[in-house]
Amino acid sequence: MIDLCEGCGQGATLQCPTCKKLGLPSSHFCNQACFKTNWSNHKLKHKQTAVMESITNGRNMYPGYSYTGPLRPYPRAARRTDVPSHINKPDYWKDGKPISEIESRGIGQIRVLNAEEIKGMRLAGRLGREVLDVAAKMVKVGVTCQEIDDAVFEACMERECYPSPLNYRGFPKSCCTSVNEVICHGIPDTRPLQDGDILNIDITVYKNGYHGDLNETFLVGNVDEAGRKLVEASYESLRRAIEQVKPGAKYRDIGGVIQKYINTCGLSVVRSYCGHGINQLFHTAPSVPHYAKNKAVGIMKPGHCFTIEPMINEGVWRDNLWPDDWTAVTSDGKRSSQFEHTLLVTETGVEVLTARRENGGQPHFMDNL
């Protein structure tokens with residue numbers, strides 16, 4: 001039997017690679033030119049199929065689990081394993097076990113980076129920012145988080161970086177995409193973004209032995225006023241926290257600054273996840289809680305490198321975990337927003353290693369306000 005081209009009806013031998021990856025019925029084309037010409041119509045099949053699979057399968061992916069909000073998991077593609085051999089990789093890239101990170105636990109000492117290490121962190125931070133900016137351009141109604149993840153993977157490969165989340169403790173994707181009530185660690189899947197969603201994209205890249213970590217929350221289409229205020233408040237809480245970073249400051253005081261502001265907004269601060277030290281290790285000392293009256297230890301010194309990444313909820317601060325053991329959601333199903341930067345303590349204050357280079361450094365959601 002001869003396969004016919006979906007575009008022109010002639011004999012065909014080429015198959016759509018996305019259909020194969022998603023396990024959809026084969027679609028054939030006579031040549032690359034015909035495939036490209038018909039791509040805008042053909043790709044709708046990927047998204048429509050994903051929606052139907054979600055209705056029949058995705059919403060029952062975890063039988064017996066009580067979701068806190070309306071979001072449901074959709075089918076997702078297999079984990080990418082096609083990282084070129086010449087790209088430097090972290091120790092967990094094959095088996096998911098961050099051995100160096102595990103071995104460092106219990107030491108508790110905050111490392112002071114030397115000039116060479118700071119140079120490495122600056123490069124990782126800059127490249128992480130570039131990758132997030134690539135992802136930012138894709139955020140619009142109808143695009144899937146799987147497509148964003150694919151773009152993140154390719155952007156990392158172009159910069160000869162490894163996407164740090166990929167297979168970290170078994171995480172299956174190159175970035176985290178957290179929609180609406182997802183607080184953090186959302187796994188990219190084939191759900192199309194909807195008008196009114198808020199979406200956090202969390203990027204970390206590994207370059208020449210160093211990690212650079214950042215995230216932003218984006219407005220998808222027409223977001224209601226409450227959603228916009230949530231996103232604005234979460235960014236402002238990070239901005240105020242960064243102002244406190246300087247030699248001699250206490251890590252435990254960061255949370256007080258964030259919570260004092262967030263309380264005035266009628267919002268809440270997540271307590272289960274915190275900022276962290278970052279260097280050759282993805283996560284290390286210090287821990288940086290985002291809530292007041294915490295027990296974080298340590299005094300900031302020049303050469304310390306860490307993240308601040310407050311997660312701010314519309315409702316209560318408590319969280320639940322989906323059965324995938326990654327997706328953290330608000331316990332009341334209300335929305336959550338987050339922003340993150342990797343920071344370096346300097347002799348006189350702070351350097352934001354993951355700062356945006358355009359539009360005065362403001363986050364993307366502010367570009368169209």
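The values are calculated or read from the model by the stated rules, or taken from the named source; none is laboratory data. None of the values given here were measured: they were computed from a predicted structure. Cβ coordinates were reconstructed from backbone atoms using ideal geometry, including for glycine residues, and neighbour counts include every protein chain displayed. When the accessible area is computed, the model is the full protein with side chains, heavy atoms only, and any ligands, DNA or RNA have been set aside. Shrake-Rupley method; radii C 1.70, N 1.55, O 1.52, S 1.80 Å.
Hey, how many Å between the Cα centroid of the range 254-325 and the Cα centroid of the range 77-93?
After rounding, the separation between the Cα centres reads 29 Å.
Using helices alone, what [θ] at 222 nm do you get for the chain, with -39,500 (n - 2.57) per DSSP H run of 4 or more residues, divided over all residues and rounded to the nearest 500?
After summing the helix terms and dividing by residue count, I get -8500 deg cm²/dmol.
What figure, in Å² to the nearest 10, do you get for the accessible area of residue 311 with a 1.4 Å probe and non-protein molecules left out?
0 Å²
Would you mind calculating the relative contact order of the range 100-190 from Cα pairs under 8 angstrom and at least 6 residues apart, reporting the percent as a whole number?
Relative contact order here is 20 percent.
Take the chain, connect every pair of alpha-carbon atoms lying under 10 Å apart with a spring to form a Gaussian network, then pick out the residue of 153, 29, 171 with the largest mean-square fluctuation.
Largest GNM mean-square fluctuation: 29.
In the range 218-369, carbon and sulfur make up what percent of the accessible area (probe 1.4 Å)?
47 percent
Calculate the dipole size of the range 107-235 relative to its Cα centre from +1 charges on Lys and Arg beta carbons and -1 charges on Asp and Glu beta carbons; express the result in debye to the nearest 20.
440 debye
If ligands, DNA and RNA are left out, what is the accessible area of residue 318 with a 1.4 Å probe, given in Å² to the nearest 10?
The accessible area comes out at roughly 130 Å².
Which order do peptides 200-211, 123-134, 221-232 fall in by mean Cβ count within 10 Å, highest first?
With the highest mean Cβ count within 10 Å placed first, the list reads 200-211, 123-134, 221-232.
Considering only Cα-Cα distances, which of the following residue pairs are longer than 28 Å: 137/334; 36/89; 137/301; 36/140; 173/301?
Check vs 28 Å cut-off fails for 36/89; 137/301; 173/301.
Given contacts defined as C-alpha pairs under 8 Å and at least six residues apart, what's the relative contact order of the chain, whole-number percent?
Dividing the mean separation by the residue count of the chain yields 17 percent.
Just the accessible area for residue 81, please: 1.4 Å probe, Å², rounded to the nearest 10?
About 100 Å², rounded to the nearest 10.
In a shell of Cβ-Cβ distance under 13 Å around residue 279, excluding residue 279 itself, what net charge do Lys and Arg (+1) and Asp and Glu (-1) give?
Every neighbour counted, the sum reads 0.
Helices from the chain with mean Kyte-Doolittle at least -1.0 and a Cα length along the axis of 24 Å or more, per DSSP H: which?
39-56, 115-136, 225-242
Return a whole-number percent for the relative contact order of the range 233-350, with Cα pairs under 8 Å and 6 or more residues apart as the contact set.
Computed over the range 233-350, the figure is 31 percent.
Sort 4, 238 by accessible area with a 1.4 Å probe, largest first.
4, 238
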